[in-house]
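Worksheet: one structure, shown below.
Derivation of every value follows stated rules applied to the coordinates shown; laboratory data play no part. What you see is a predicted model; the values in this text were computed from it and never measured. When we count neighbours, we look across all protein chains shown, and the Cβ atoms used for this are built from the backbone with ideal geometry, even at glycine.
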Ligand code: UD1
């Protein structure tokens, strides 16, 4: 049986739906969550009826903004929660541990596209907590012979990200505001870029890593960058409303440019199918 954590979240929900013989664990109830519980709690008790061969750890505090506001909560969930699961994995001889990391571990790029060898110097508590969780995971791999892989997704989008959550990603916020005819707020001048990757491509890479029992670190993106201004204009057009764009001061901890070198993932057979314009249209309009 494969344990997937974070199944009330966007990635976890798609993973449990697309990976056979898997079971979802989350602190919040959702149609994709079978086991309700906190990753910081008593995992032994939560999993007493299960024989777990692999863990895909996607549960996390995912917002850069929230991590700046509540760094202790962010560290508790992303670091202590991960360590708690790793302890379970060690004690129960779990064979494969797949950690869902983040492109935020790189910080401000020294060169682009970002490959896995790029130095890690996070700019936010979130980036640091995700990197620490990743390091613990890789260390447990070395110390206890667990096969550990870490996937670093760039900016995931899907219809399942909650637009009503103020800490949601830019695409769900822009889409929900555009549909209501509200102005789109850009933090900074809008020249910052991101590599927007459809959740289906992230599922594709997680499945490849799982099937091949792969280890090590893998970027997951498309290799293309889109500026936030371009994104706002595109969503404005798709909504066919006359959407205004307004500019406010940049966010703390925000990275300027980001897009992935996906050569390592390609070696596993990964081929991204994301087409931002087409997928935005299909997902939201
Ligand atoms: C996102 C993810 C994070 C992931 C990381 C990987 C979310 C909430 N965060 O962080 O989990 O690990 O990608 O790269 O999904 N922006 C606006 N206006 C808005 C909202 C955002 O201009 O209304 C800008 C932000 O300032 C930022 C960019 O859009 O420059 C992207 O922001 P956001 O979607 O929050 O994602 P990241 O911070 O990149």
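Some values worked out for this structure:
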| quantity | calculated |
| --- | --- |
| Hits in the stretch 173-194 - residues which are part of a helix (DSSP H, G or I) and within 8 Å of the ligand (Cβ to nearest atom) | 173, 174, 177 |
| Failed criterion for residue 273 (all others in (1) away from the ligand (no atom under 16 Å from the Cβ); (2) not in a loop (DSSP other than H, G, I, E, B) hold) | (2) |
| Count of residues meeting criterion [touching a residue at least 40 places away in the same chain (Cβ under 8 Å), away from the ligand (no atom under 16 Å from the Cβ) and more than 29 Å from residue 212 (Cβ to Cβ)] in the stretch 42-69 | 1 |
| Failed item in (1) farther than 22 Å from residue 218 by Cβ; (2) surrounded by 16 or more Cβ atoms within 10 Å (Cβ to Cβ), with residue 60 passing the rest | (1) |
| Residue under evaluation residue 259, criteria (1) out of contact with any strand residue (DSSP E or B) (no Cβ under 6 Å at 6 or more places or on another chain); (2) surrounded by fewer than 17 Cβ atoms within 10 Å (Cβ to Cβ), criterion not met | (2) |
| Selection status of residue 15, under 19 Å from the mean Cα position of the chain (by Cα) and assigned to a helix (DSSP H, G or I) | yes |
| Candidate set: the stretch 208-230, residues that are out of contact with any helix residue (DSSP H, G or I) (no Cβ under 9 Å at 6 or more places or on another chain), in a helix (DSSP H, G or I) and more than 20 Å from residue 279 (Cβ to Cβ); chosen: the one nearest to the ligand (Cβ to nearest atom) | 210 |
| Answer residue from the stretch 120-140, given it is assigned to a loop (DSSP other than H, G, I, E, B) and surrounded by fewer than 21 Cβ atoms within 10 Å (Cβ to Cβ) and is farthest from the ligand (Cβ to nearest atom) among those | 121 |
| Residue that is farthest from residue 43 (Cα to Cα), among those in the stretch 1-12 that are part of a loop (DSSP other than H, G, I, E, B) and touching a strand residue (DSSP E or B) at 6+ places or on another chain (Cβ under 7 Å) | 8 |
| Residue within the stretch 231-249 that is surrounded by fewer than 20 Cβ atoms within 10 Å (Cβ to Cβ), in a loop (DSSP other than H, G, I, E, B) and within 11 Å of the ligand (Cβ to nearest atom) present | yes |
| Test: residue 32 is closer than 19 Å to residue 168 by Cβ and not in a loop (DSSP other than H, G, I, E, B) | no |
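Residue by residue, here is whether (1) more than 28 Å from residue 200 (Cβ to Cβ); (2) part of a loop (DSSP other than H, G, I, E, B) holds:
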| site | (1), (2) |
| --- | --- |
| 40 | yes, yes |
| 52 | no, yes |
| 61 | no, yes |
| 67 | no, no |
| 77 | no, no |
| 88 | yes, no |
| 118 | no, yes |
